[in-house]
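What follows is a set of notes on a single structure, which appears directly below.
We did not get these values from a lab; they are worked out from the coordinates using the rules stated. Computed from a predicted model, the values in this text were never measured in an experiment. As a convention, Cβ positions derive from the backbone with ideal geometry for all residues, glycine included, and neighbour counts pool all protein chains shown.
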Amino acid sequence: MRIRQDIADLLREGVPQQDIMRTLHVGHNAVSETRVALQLPAPVRGGRPLQPIETAFYARTEPVDDGHLRWTGHHANGVPRLGRQGKHPSAYQVGFQLHHRREPVGHAKPGCGWAQCVAPAHQEDRPMREQLRAQLVSIFGGAL
């Protein structure tokens, strides 16, 4: 079988089979046979490929003053949420994970003073807040 280079290139890039058929005006057999000849796995059914979480996160934000980010995506009970693979983590949690490369302990919340900020660098978890509180007590004394 002679392999069409344009079909092979699109398959290697991960372009969905339906898009290849529509773009190149070829039939199902041409794409399937090329896939088999290149020994590529069968197409995954069920929708679009999953975007990297960072891409999905930033696609739902807009910058505001002082480095803050406003969430433009979905909210549930007043909390910004990122729907992903049947789960809906808070945008604060996702931002925390993007910046700190770990799961937050307790709730992730903005520590910058703007309650709606989802900027990854502005997110804090419980140990970070407790450490800051202890530092303020040691500097200013008394219970805060």
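Under the 0.36 nm per residue contour assumption, what length would be gained going from the current alpha-carbon distance of R126 and H107 to full extension? Before the final figure, lay out the partial values.
Working: separation 19, 0.36 × 19 = 6.84 nm, distance 0.66 nm.
Once the chain is fully extended between R126 and H107, it gains 6.2 nm.
222 nm [θ] for the chain, helices only, -39500 (n - 2.57) per DSSP H run of 4+, per residue, to 500?
Details: 6 runs with 58 residues, N = 144.
That comes out to -11500 deg cm²/dmol.
Would you please name the trypsin sites (Lys or Arg not before Pro) within the range 12-89 that are DSSP coil residues with at most 10 other C-beta atoms within 10 Å of their C-beta? Don't jump to the answer; show the numbers that get you there.
Values: sites: R12, R22, R35, R45, R60, R70, R81, R84, K87; in loops: R45, R60.
Those that pass, being in a loop and sparsely packed, are R45.
Taking the Cα atoms of the chain, report the difference between the largest and smallest coordinate on each principal axis, in whole Å and largest first.
Projected onto the principal axes, the Cα atoms of the chain cover 81, 26, 26 Å.
To the nearest whole percent, what portion of all C-alpha pairs in the range 1-49 is separated by more than 12 angstrom?
Tail of P(r) above 12 Å: 57 percent of Cα pairs.
Please compute the modelled spin-label separation between I53 and H28, points set 7 Å along Cα→Cβ, answer in nm with one decimal.
Going from the H28 label point to the I53 one covers 3.7 nm.
Using 0.36 nm per residue, how much length does the chain from T72 to A115 gain when fully extended, once their Cα-Cα distance is taken away? Don't skip to the answer; put the middle values down first.
Numbers: separation 43, 0.36 × 43 = 15.48 nm, distance 1.46 nm.
The span from T72 to A115 would gain 14.0 nm if fully extended.
Cα centroid distance between the range 7-84 and the range 94-131, in Å?
28 Å
A42 to K87: FRET efficiency via 1/(1 + (r/R0)^6), r the Cβ-Cβ distance, R0 35 Å, to the nearest 0.05? Intermediate results must be reported in sequence, preceding the final value.
On the way: r = 26 Å, r/R0 = 0.75.
The formula returns an efficiency of 0.85 here.
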